[in-house]
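A.B. asks: My questions all concern the structure below.
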Amino acid sequence: MARFGDGLATGADLRRAADEAVGSALAGLAAAPDLVCVFVCSDDPSAVEDVGGRVAELTGARVLVGCSAAGVLGGRRGVEGVGAVSVFAAALPGVQLRPFHLEVLPAERGAAVVGLPERDGEEVALLLVDPYSFPAAGFVSQANTALPGLAVVGGLAHGPRGAGSTRLLLDGRAVDRGAVGVLVGGASARTVVSQGCRPVGPAMTVTAAQGNVVHELAGLPALTRVERLLGDLPPVEQALASAGLSIGIAMDEVVEDHDFLVRGILGVQGTSLVVGDVVTVGQTVRLQVRDAEAAAEDLRAHLAGFRSSAAHPAGGALLFSCHGRGAHLFGTADHDPAAVSRGLSLDGLAGFFAGGELGPVAGRNHLHGFTASLLAFPA
């Protein structure tokens with residue numbers, strides 16, 4: 001009997017879909033579930049609330065978290081834009097699970113996030129966010145300093161009618177603001193973040209920059225350097241760059257084989273580049289391109305690295321995939337869940353298509369775009 005299970009069901013009757021998804025998730029479970037995650041695709045927030053309560057009732061889980069989504073993932077399937085429910089169930093004996101609801105309150109110096117329990121040893125945080133009311137990027141940035149060593153994994157939920165229509169689910173109740181999640185301790189859970197890009201051209205040193213504006217690369221005006229580099233690329237890579245160019249920022253200058261944090265190039269100011277993160281003089285950067293083949297290969301490589309370095313094989317996982325991936329990139333919504341299930345031979349996998357993904361790169365948490373972020377539990 002397995003410790004993990006999943007179920008995905010579609011249909012206009014979401015309560016019936018919830019019953020079916022729960023049945024599938026619990027069918028092979030060795031014991032009653034300790035952690036249940038539920039993700040709901042619906043244009044009706046009240047229906048999402050109803051599903052959350054129904055799944056809590058049916059599973060009797062020690063902790064339940066979930067959210068509304070533009071599409072859901074379960075097993076080897078992905079579903080976008082239609083009524084669907086995905087359920088992940090995990091029996092985690094001996095694992096500490098501490099659910100929480102984070103809210104933003106006024107403070108003397110701007111705002112304060114409240115609701116996170118005190119840390120208790122080695123933990124990982126699963127975090128599901130309402131993007132309209134919670135500063136996800138600022139929170140994970142501050143967490144890197146205030147909560148060193150805490151990996152934060154999750155995604156930005158979807159509100160079909162804008163602000164106020166997102167639903168976050170926590171132990172049978174629904175909230176429409178902030179973020180919900182659970183601190184997981186003692187599970188030896190690990191993370192994978194696939195950024196879906198491949199580098200082109202050489203690595204370059206930033207020789208002049210201010211904030212998120214790069215003025216010089218390797219001693220030349222940044223735009224001049226990039227134009228020269230692009231001119232030297234083969235036609236295929238030039239075509240990919242013209243469709244969308246990103247920049248990778250090295251996360252550790254000491255190591256030779258850099259981990260890059262991929263950020264978009266937002267525009268130009270004269271001969272300078274405006275990028276989607278702060279860049280400092282002396283950092284190493286490298287241009288990045290994205291296509292279906294590069295994204296698929298990057299995910300395969302990360303899964304292979306996970307398998308080779310893991311002390312124990314994974315048994316269950318939660319997957320947060322950008323809504324710009326799926327059918328938009330791969331021609332099918334099934335690509336990421338199928339690749340993860342196949343690559344890790346999982347008993348249970350669930351998640352959703354997110355409007356931004358949370359996960360650590362080189363030991364620091366970030367809010368990403370266009371990534372696949374994974375939280376994997378050992379079998």
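A.B. asks: From Gly115, Gly94, Gly83, which residue is within 29 Å of Asp44 (Cα to Cα), surrounded by fewer than 15 Cβ atoms within 10 Å (Cβ to Cβ) and small (Gly, Ala, Ser)? Even if it seems obvious, please write down each step before you answer.
C.D. replies: Values: Gly94 fails: within 29 Å of Asp44 (Cα to Cα); Gly83 fails: surrounded by fewer than 15 Cβ atoms within 10 Å (Cβ to Cβ).
Just one listed residue meets the conditions, Gly115.
A.B. asks: May I ask you to list the residues in segment 326-369 that are assigned to a loop (DSSP other than H, G, I, E, B) and either farther than 27 Å from Ala2 by Cβ or in contact (Cβ under 8 Å) with a residue 60 or more places away in the chain (or both)?
C.D. replies: Gly331, Thr332, Ala333, Asp334, Leu346, Asp347, Gly355, Gly356, Ala362, Gly363, Gly369
A.B. asks: May I pose another question? Being buried (at least 20 other Cβ atoms within 10 Å of the Cβ), within 19 Å of Leu329 (Cβ to Cβ) and of a type in the set (Ser, Thr, Tyr) is the requirement here; does Ser246 meet it?
C.D. replies: Here the answer is yes, as Ser246 does meet what is asked.
A.B. asks: Could I ask something else about it? Quick one: in segment 279-325, which of the residues that are touching a residue at least 40 places away in the same chain (Cβ under 8 Å) and among the basic types (Lys, Arg) is least open to solvent (accessible area, probe 1.4 Å)?
C.D. replies: Taking the candidates together, the pick is Arg325.
A.B. asks: Among the residues that make up segment 124-142, is at least one of them open to solvent by 60 Å² or more (accessible area, probe 1.4 Å), under 22 Å from Ala317 (Cα atoms) and not aliphatic (A, V, I, L, M)?
C.D. replies: The answer is no, given that none of the residues of segment 124-142 is open to solvent by 60 Å² or more (accessible area, probe 1.4 Å), under 22 Å from Ala317 (Cα atoms) and not aliphatic (A, V, I, L, M).
A.B. asks: Okay, next question. Suppose we keep only residues that are under 23 Å from Leu156 (Cα atoms) and among the small types (Gly, Ala, Ser) within segment 18-59. Which one would you say is surrounded by the fewest Cβ atoms within 10 Å (Cβ to Cβ)?
C.D. replies: Ser46
A.B. asks: Does Val182 satisfy being in contact with a Pro (Cβ under 9 Å, 6 or more places away or on another chain) and open to solvent by less than 10 Å² (accessible area, probe 1.4 Å)?
C.D. replies: yes
A.B. asks: Still on this structure: For segment 201-214, enumerate the residues that are open to solvent by 30 Å² or more (accessible area, probe 1.4 Å) and under 24 Å from Glu237 (Cα atoms).
C.D. replies: Pro202, Ala203, Thr205
A.B. asks: For residues that are under 14 Å from Gly185 (Cβ atoms) and modelled with pLDDT of 95 or more, scanning just segment 118-149, find the one that is nearest to the chain's Cα centre (by Cα).
C.D. replies: Checking each candidate, the answer is Leu126.
A.B. asks: Does segment 85-106 contain any residue that is closer than 19 Å to Ala174 by Cα, in contact with a helix residue (DSSP H, G or I) (Cβ under 8 Å, 6 or more places away or on another chain) and in a loop (DSSP other than H, G, I, E, B)?
C.D. replies: Checking segment 85-106: not a single residue is closer than 19 Å to Ala174 by Cα, in contact with a helix residue (DSSP H, G or I) (Cβ under 8 Å, 6 or more places away or on another chain) and in a loop (DSSP other than H, G, I, E, B).
A.B. asks: Here's something else I'd like to know. State whether the residues of segment 151-161 include one that is open to solvent by 10 Å² or more (accessible area, probe 1.4 Å), at pLDDT 95 or above and under 15 Å from Pro360 (Cα atoms).
C.D. replies: Yes, because at least one residue in segment 151-161 is open to solvent by 10 Å² or more (accessible area, probe 1.4 Å), at pLDDT 95 or above and under 15 Å from Pro360 (Cα atoms).
A.B. asks: Hey, among the residues in segment 1-10 that are open to solvent by 10 Å² or more (accessible area, probe 1.4 Å) and farther than 16 Å from Gly78 by Cβ, which one's nearest to the chain's Cα centre (by Cα)?
C.D. replies: Arg3
A.B. asks: For segment 1-60, enumerate the residues that are modelled with pLDDT under 95 and assigned to a strand (DSSP E or B).
C.D. replies: Ala2, Leu29
The values are calculated or read from the model by the stated rules, or taken from the named source; none is laboratory data. Bear in mind the structure is a predicted one, so any value in this text is a computation, not a measurement. Using ideal geometry, Cβ is built from the backbone for each residue, glycine included, and neighbour counts are taken over all protein chains shown. Keep in mind that these areas ignore ligands, DNA and RNA; they rest on the heavy atoms of the full protein, side chains included. Shrake-Rupley method; radii C 1.70, N 1.55, O 1.52, S 1.80 Å.
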